[in-house]
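The next block holds one structure in the form of C-alpha cells; read it before the comments.
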Amino acid sequence: MTRSSRIPGFYRLAAADRRRALADRTGLGARDLAILGAGGLDLDTADGMIENAIGTFSLPLAVGLNFVVNGEDFIVPMAIEEPSVVAAASNAAKMVRQGGGFVAEVSPPVMIGQIQVVDVPDPEAAKARIEASATDLVAEARAKMPRLCARGGGPVGITARVLAAADSPDGGMLVAHLHIDCRDAMGANLVNTVAEAMAERIATLAGGRPGLKILSNLADRRTVRVMARVSDEALGGAEVRCAIAAASRFAELDPYRAATHNKGIMNGVDAVVIATGNDWRSVEAGAHAYAARSGRYAPLATWTDDGTALVGRLEMPLAVGTVGGALHVHPAARVALALVAVDSAQKLAQVAAAVGLASNLAALRALATAGIQRGHMSLHARVLARAAGARGDLIYRVAAELCAAGDIHPERAQEIVARLYAEPAARALTLEEAS
C-alpha cells in the first residue's frame, strides 16, 4: 500500500471509484468508506448527540489531495458546501508540494480555564497572592485530574490578571487563568471541570467570591505555525508572485480586506475541523480573536516576496482533538480521522492549518490573476448542470458550454441539458444509466 496524497484525475472518477482509490492508499476497508455514502450519521445516533433531534443534515465530504506537511503525505477530509474550496486547496497544495511541502510546528496543547473572582477588596494584592501560590494551586488542580496527568497532560501553570479596581463601577475583579495540557482532547469538558473544582479555593485566596468558571476559546497557548515556499514556476511567473505579495499587503493594511482574507483561510481550516468531528465554532472564535489581539484586526497569514519565491506564513490558535467529543459516536468523523491518519491532536492541527494556508494561497492567486469568480463559477456551473438533470460526462459538457457562453444560470443550464439529452448519443447514455 502506497500512502500518497497525489492521485491524478481523482475528481473525474465516480464517487464509488474514488472510495476504492482511497481504500487502496489508506488501508481502510470498503465497509468503513461505505459509511460515508449515506451521510455518515443515522438518526438514532443523532438523537443521542443532541436534544430535539428530528433528522440529520449532511454536508458534502471530500478529500484534499497533494498535501505534504513536514515531509509526510496526507489525504485530508474536508466537509464543506462551497464550490471550489477543495479543488483550489488541492491545487495550491500541489504548487507547495513542488517546493517540498508545508513546514509546520505546533505548541503544546495547552488550554486556558478562566476563573473569575468578583468583590475583591484589593485586586493587585490578590493577584500577587495567587501567583505566589501557583505551585501549590497547580498541584491541587493536578490531583483532581489523575488520569490526564498519567497521560502526560494536566494543569501546568496559573496566572492572574486584574480586570477592575475595587473603586470601579464593576468593583474589584480579577481572573485566574489555569493552564491545562489536554493532550489529544480538544479539552472543553476537562477544562471546565477543573475550573469549577478550583474556583472556591482561588476565590478564597483572592478574598472575593467566584464568578464564571469556564474555558477560553482564545487558545493563544495552543497555536500552530505553518510556512510554505512557492516557486515562480509553480505560481505561473514572477508577476504572479509580486501580485500575491501585494494582495497580502492589502490585508495587512486594511481590516475590511483582512476579514475576507481570513475567511478564505477558515474555508480550509473549518472544512477539516468539521469533517473530523471537532468544534469549528470554537476554532473560528479563537482565530478571529487572535487576529485582533493587537487591538486592530489583521490577517492570520501573510505572503512575502523574497526576490526569488513567494513565502507564506500562518499563525493561529487551533484547538482540536482526536479523542472525545463527537468522535465517540459519529461514524463519519471516525472514518475521516482514519483517512487523514494523524497520530495526535497536534498533528491534526498542523494539517488543518496547512489546508488553511493552501486555501489562502489559492484565493490570492485567483484574485491576482483571472479573478476569484473564474474558478468558482466553473465549479458552480457543474452544480447547475447536475441540478438541471445532467449525469456522467454530460455534467462537464453542460458546464463547459455555460462557461463558454458566460451565462451561468439555472435556466440556461436546463436549456442545454434538454438539447443534449435530445441527441442520440445522450439518449443512449440515459438508457445505459437506467439499466
Query raised in the report: Within the range 401-411, how many residues turn out to be in contact (Cβ under 8 Å) with a residue 12 or more places away in the chain and part of a helix (DSSP H, G or I)?
Result: 4
Requested in this report: Kindly list the number of the only condition in (1) within 28 Å of Val191 (Cα to Cα); (2) open to solvent by less than 10 Å² (accessible area, probe 1.4 Å); (3) not β-branched (Val, Ile, Thr) that fails for Ala258.
Outcome: (1)
Query raised in the report: Is there any pair with a first residue in the range 116-143 that is at positive phi and a second that is open to solvent by 20 Å² or more (accessible area, probe 1.4 Å) and at pLDDT 95 or above whose Cβ atoms are under 6 Å apart and which are 6 or more apart or on different chains, and what are they?
Result: Asp119/Gly208; Asp119/Arg209
Query raised in the report: Can you name the residue in the range 87-121 that is assigned to a helix (DSSP H, G or I) and open to solvent by less than 30 Å² (accessible area, probe 1.4 Å) and, of all such residues, is nearest to Asp279 (Cα to Cα)?
Result: Ala89
Query raised in the report: Which pairs do you get when a residue that is within 16 Å of Val76 (Cα to Cα), found in the range 1-23, comes within reach of a residue that is open to solvent by 70 Å² or more (accessible area, probe 1.4 Å) and modelled with pLDDT of 90 or more, reach meaning Cβ atoms under 7 angstrom, with the pair 6+ apart or on two chains?
Result: Phe10/Arg18
**Report entry** Selection from the range 308-322 of residues that are open to solvent by 20 Å² or more (accessible area, probe 1.4 Å) and modelled with pLDDT of 95 or more
**Finding:** Arg313, Glu315, Thr322
Report summary line: Going through the range 187-225 in order, the residues found to be within 20 Å of Ala345 (Cα to Cα) and open to solvent by 80 Å² or more (accessible area, probe 1.4 Å) are Asn189, Arg221
Query - Filter result (open to solvent by less than 50 Å² (accessible area, probe 1.4 Å) and either charged (D, E, K, R) or not in a loop (DSSP other than H, G, I, E, B) (or both)) within the range 122-155 - result: Pro123, Ala125, Ala126, Ile130, Ala134, Leu137, Val138, Ala141, Leu148, Cys149, Gly154, Pro155
Query raised in the report: without any contact (Cβ under 8 Å) to a residue 60 or more places away in the chain and β-branched (Val, Ile, Thr) - does that describe any residue in the range 193-207?
Result: yes
Report task. Select from the range 270-306 the residues that are of a type in the set (Lys, Arg) and assigned to a loop (DSSP other than H, G, I, E, B) and write down the one among them that is least open to solvent (accessible area, probe 1.4 Å). Result -> Arg296
Report task. Inspect the range 206-213 for any residue being part of a helix (DSSP H, G or I) and hydrophobic (A, V, I, L, M, F, W, C) and give the result as yes or no. Result -> yes
**Report entry** Verdict on Arg229 being open to solvent by 20 Å² or more (accessible area, probe 1.4 Å), under 26 Å from Leu300 (Cα atoms) and in contact (Cβ under 8 Å) with a residue 12 or more places away in the chain
**Finding:** yes
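The values are calculated or read from the model by the stated rules, or taken from the named source; none is laboratory data. Keep in mind the model is a prediction, meaning the values are calculated, not measured. Note that we place each Cβ from the backbone using ideal geometry, even for glycine, and neighbour counts take in every protein chain shown. The accessibility values were calculated without ligands, DNA or RNA, using every heavy atom of the protein model including side chains. Shrake-Rupley method; radii C 1.70, N 1.55, O 1.52, S 1.80 Å.
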